[in-house]
1. Can you work out the FRET efficiency for the pair Asp74 and Gln110, with r the C-beta to C-beta distance and R0 = 22 Å, to the nearest 0.05?
2. In Å, what Kirkwood hydrodynamic radius results for the chain from the alpha-carbon pair distances?
3. Sticking to Cα atoms, compute the Rg of the stretch 54-98 to one decimal and its Dmax as the biggest Cα-Cα distance, whole number, in Å.
4. Once both labels are modelled 7 Å past Cα along the beta-carbon direction, what's the Arg60-Tyr6 spacing in nm?
5. What 222 nm value per residue comes from the helices of the chain, counting each DSSP H run with n ≥ 4 as -39,500 (n - 2.57) and dividing by all residues, nearest 500 deg cm²/dmol?
6. Which of Arg19, Arg53, Arg111 ends up with the largest GNM mean-square fluctuation for the chain, with Cα atoms connected below 10 Å?
7. So what are the ³J(HN,Hα) numbers for the stretch 45-56, from phi and the Karplus equation (6.51, -1.76, 1.60; θ = phi - 60°), rounded to whole Hz, Gly and Pro as x?
8. With a 10 Å Cβ neighbour count serving as the proxy for reagent exposure, in which order, fewest first, do Tyr6, Tyr69, Tyr36 appear?
Amino acid sequence: MTRYQYGRRILDPRQQYRRWIDPRAHTLRVQDVVAYLVRRGWKEVPPDRDHFRVFREPAREGEEAAPFYQFVPDSEVYDNYPQLMFELLTGLAEIEDRQATEVIDDIVGQRSAAVPANGPAGAVAGQPTGR
């Protein structure tokens with residue numbers, strides 16, 4: 001029997017992807033993800049399950065197969081929200097043939113592009129914006 005001299009750190013299986021996954025994935029807001037999908041041509045369809053919004057992928061030229069769908073949680077409050085976002089982003093990255101971090105960059109980027117760096121238009125320093 002071989003006796004090994006060096007120990008190896010074993011990760012808890014629930015933590016094995018933690019360093020691979022962009023932590024922003026867990027903080028994305030549903031409304032930003034929905035806006036991203038709509039902007040990219042996805043169509044919302046009536047949901048067939050509770051607690052999800054369902055989106056049909058855009059038609060692809062020359063493809064006659066039935067379309068596939070992505071499921072967006074209808075709220076950020078679910079305990080499994082991080083896992084659901086991980087699965088959604090992984091699917092989108094695969095469909096778009098790019099890295100999930102690039103998808104996240106686009107989702108986050110659209111949010112920051114919606115509000116100018118100096119605040120909403122017409123805002124005056126020290127004055128409420130009506131929100």
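1. On the way: r = 20 Å, r/R0 = 0.90.
So the FRET efficiency works out to roughly 0.65.
2. Details: mean 1/r = 0.0563 Å⁻¹.
After inverting the pairwise mean of 1/r, the radius is 17.8 Å.
3. Final numbers for Rg and Dmax: 12.5, 40 Å.
4. 4.3 nm
5. On the way: 3 runs with 41 residues, N = 131.
Helices in the chain give a 222 nm mean residue ellipticity of -10000 deg cm²/dmol.
6. Sorting by GNM fluctuation, first place goes to Arg19.
7. 10, x, x, 10, 8, 5, 6, 9, 9, 10, 10, 8
8. Values: Tyr6 4, Tyr69 16, Tyr36 21.
Starting with the residue having the fewest Cβ neighbours, the order is Tyr6, Tyr69, Tyr36.
Just so you know, all these numbers are worked out from the coordinates, no wet-lab data involved. This one's a predicted model, so the numbers in the text were calculated from it and none came from an experiment. Positions of Cβ are generated from backbone atoms using ideal geometry, with glycine treated the same way; all protein chains shown enter the neighbour counts.
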